[in-house]
Each structure stands twice: as structure tokens, then as C-alpha cells.
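Report on one structure; see the data block that follows.
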Amino acid sequence: MPLLSRRFVGIDLGKRTYELRLFDRSGSVTGWNGTTSPDGRKSLYERLLPADKVAVEVCALAFVIADEIAESVGCEVVILNASKLAIIYRTTKKTDKEDALKLARLIKIYQNEDLPIVHPPSKQEIYRRRLLAEHRQLKQDKTRCINRLHALFVHSGITSIAKKDLAGRKRRIASVELLSGFLKESALRILDSLALLDSQIKIIEDQIDTIASQDERIQSVQTIPGVGPVTATAFVSYVNADNFSNLSQVASFLGLVPKIDCSSSINRYGSITKCGNSYLRSLLIQASWALVRSPSGGYLKDQYLYMTKTKGKLKKKAIVAIARKLSQFMFAILKSAQPYQPRRFVSPASLASAALSG
């Protein structure tokens, strides 16, 4: 049996336990398991060697373990995207031991450039992502409270109050006066929850504004009409321009490209893939709506109007295309370190008319 120059380790992480499989220098497979508690992780690191190569599936704990292994052991750690490893998620025999063994076998056979490696975020990016995640959660909680409040008006037979009428604090308070009895008591409790959520959202947004004001990359992305500090901060935090070589890769990473089924004479283009971060994708959609409604929308607004008015495309489909273009604009700004330069969109019909008139 051929000797290996290093050991290859695959670790399948759970919430409380891990399963490890290892190809030793003789090619034999050994393994063990343990807990993911601080003591359990420390015991794991003591059994690793600086020459080892370790593979783990991507998850929140994987980033913590990768940092700790790099600091305490010094060996190479790769974080793999399991959703892109068909050998794992399509297998008929899926156990923690099998997954760990497959991870070890993959890094033993393939080079890093052939594997779906997830680049770990920096500590600054992790902090910003957590801040954005809390902002998203608070916004969702606020939406749920507004939906509950609106339901009270419907139950009382007041159908003239729409959800948009309950978005602002003053209008909410005035609208609740229309209720009576137990429904009013319930509405007042919801108002207290909304007031607390509004104050918490304000604190998070102030922190995001501070981050945006201190980061030149975020400020350059904000030069695009419709892009605010939350969207710009999210894009800079989740999209590392150094990890992409062209515009198409960014759109694919964000899940804003269509599914393609091309075989022989059949060419089918479906809905967008929706891969990547759903929160960032939703922020780009919202920014696109703001952009096409802005007087200074420029090229992207003109293109949206061309698609909807001239080509007759549905507005929702057109806005997804604008969001894809917007993400590419933002990536180009980060890559070139140049601010947004507004320009106009020239439709093919306008070019044809100009050519004929000339």
C-alpha cells in the first residue's frame, strides 16, 4: 500500500457532536467522535498534526473550528459547500461516518481548485453579517406585529385600514382609537411591542450608518441611485470582489441568473436559481424598485422602461433583470475602486432610427 506524505481528515459537524474519519500515512482509515463543546474541541485539536489537511462542511461552527485549528494546530483547513457535493447530498447511504469519510477522500483525491471551497469571512465581515442578520430579524418581527394589528381591525369589521396605514407610529396610534373592548387592549399591547422594535431597529441602523460612513467601499457603492447604507453594507459584507473574476460569477453567486436546460435543439430558461444569500438578494430587489422610481435612475431605469413599455415584459421579471445588472454594477465599482458614473440607455430602436436619419 502506498505511503502518503500527510494525513487527510474529514469532520462531519453536528450541533453537539462531531464524527471524524482520517486517512493515515499508510492509507488506512481510522476515526473517532466527540463533542463540539470547548473541551471536546480542545481534545480534537490535540490529536491533529501540523501536516494534516482537514475538511469540514460549511456551517456557522465550521468557521469557528477552522480559526481554532489554524491557531492551535497550524494545519490546512478547507471548508466545503456540501450542497455542491453530489457525492454527499445525493447518496443513498447518508450517515455522519460516511459523510466524514467522503470529505476525507475528496481532499485526498482532488486539489483545492477542483473543490467547492467556501472562503471564511474575516472577523469584520462576521460582525457586519451578524448585525445585518439582527436587522433582518427585527424587520420581520415588526412585519408580523403589523399583520397581527391589521387582523384586529378586520375582526372588528373595520376594513378601511390597510397595512400601509399601520407602518408609521402616529397613524398606528390614531387607528387604534377606532377599536374598543378586548380588541383595543390587544392592539395597545401590540403597539408596545412595535415601539420596542422601532427603537431596536433604530439602534441597529445607526450602527450600520456608522460602518458605512467609515468604509470607502460602502460609500462608493452608495453612489448608485437607490442603494442605501443597509444594501451597500450587505453587499460589501457578503461579496468579496477578490473571489470573482467576472460579472457573471457575481450574478450566479447571488442566485439572480435563470436556470438553463439546453440540450440538442431544446433551449429552456426557467426562473432564477435563488442560490446564495436570500437576504442580500431581497435587498437588491428592493434597491432596484427604488432605483427605477428615482428621477436619477439613469441607465438601469431606462433599461427597465424599455423592457416593460417597449418589450412588454412583466414588471416583476424586469425588476429581477435590473437587480442582476445592479449587482454587476456594484461589483464593478468594488473591483475598480471607482464611483458610479451615470449614463443613459440607448435602445436598439433608437440606434436604428439614428442610423436611418443619418
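The values are calculated or read from the model by the stated rules, or taken from the named source; none is laboratory data. What you see is a predicted model, and the numbers here were worked out from it, not measured in a lab. We place every Cβ from the backbone using ideal geometry, glycine too, and count neighbours over all the protein chains shown. To get the accessible areas, we keep the full protein, side chains included, count just its heavy atoms, and leave off ligands, DNA and RNA. Shrake-Rupley method; radii C 1.70, N 1.55, O 1.52, S 1.80 Å.
Some notes on this structure:
- The overall shape of segment 1-128 is rounded: from the C-alpha gyration tensor, with semi-axes ordered a ≥ b ≥ c, the ratio a/c is less than 1.5.
- Each peptide in 123-134, 283-294 was scored by the mean count of other Cβ atoms within 10 Å over its residues; highest first, the order is 283-294, 123-134.
- Per residue, the accessible area of segment 1-119 comes to 55 Å², computed with a 1.4 Å probe over protein heavy atoms only.
- Accessible surface for segment 158-305, divided over its residues, is 53 Å² per residue with a 1.4 Å probe.
- Straight-line reach from K102: taking Cα to Cα under 30 Å and skipping same-chain neighbours fewer than 8 places apart, the lysines in range are K15, K42, K53, K84, K93, K94, K123, K259, K274.
- Here the contact order of segment 15-125, divided by its residue count and restricted to Cα pairs under 8 Å and six or more residues apart, works out to 26 percent.
- Pairs from the table (K164/K316; K170/K301; K301/K335; K163/K315; K163/K202) lying more than 25 angstrom apart at Cα are K170/K301.
- Heavy-atom accessible surface of the chain: percent carbon and sulfur, 1.4 Å: 53 percent
- Residue-by-residue Karplus 3J(HN,Hα) for segment 40-52, coefficients 6.51, -1.76, 1.60, Hz, glycine and proline x: x, 5, 5, 5, 5, 5, 5, 9, 8, 10, x, 8, 5
- Entry note, the chain: relative contact order of 11 percent, from Cα contacts under 8 Å with a spacing of 6+ residues.
- For segment 103-258, averaging the sequence separation of C-alpha pairs within contact (under 8 Å, six or more residues apart) and dividing by the residue count gives a relative contact order of 23 percent.
- Evaluated at q = 0.10 Å⁻¹, the base-10 log of the normalised Debye intensity for the chain, with identical point scatterers placed on the Cα atoms, takes the values -0.87.
- Tilt relative to the chain, helix 229-238 - C-alpha long axis, 0 to 90 degrees, to 10: 20 degrees
- DSSP assigns beta bridges within the chain; of those with both partners inside it, close to 70 percent run antiparallel.
- Compared with the dominant Cα axis of the chain, that is its longest principal axis, helix 315-336 is turned about 60°.
- For segment 213-344: rounded, prolate or oblate by the Cα gyration tensor [a/c cutoff 1.5]: oblate
- Between 0 and 90°, nearest 10: helix 181-214 axis offset from the chain longest Cα axis: 70 degrees
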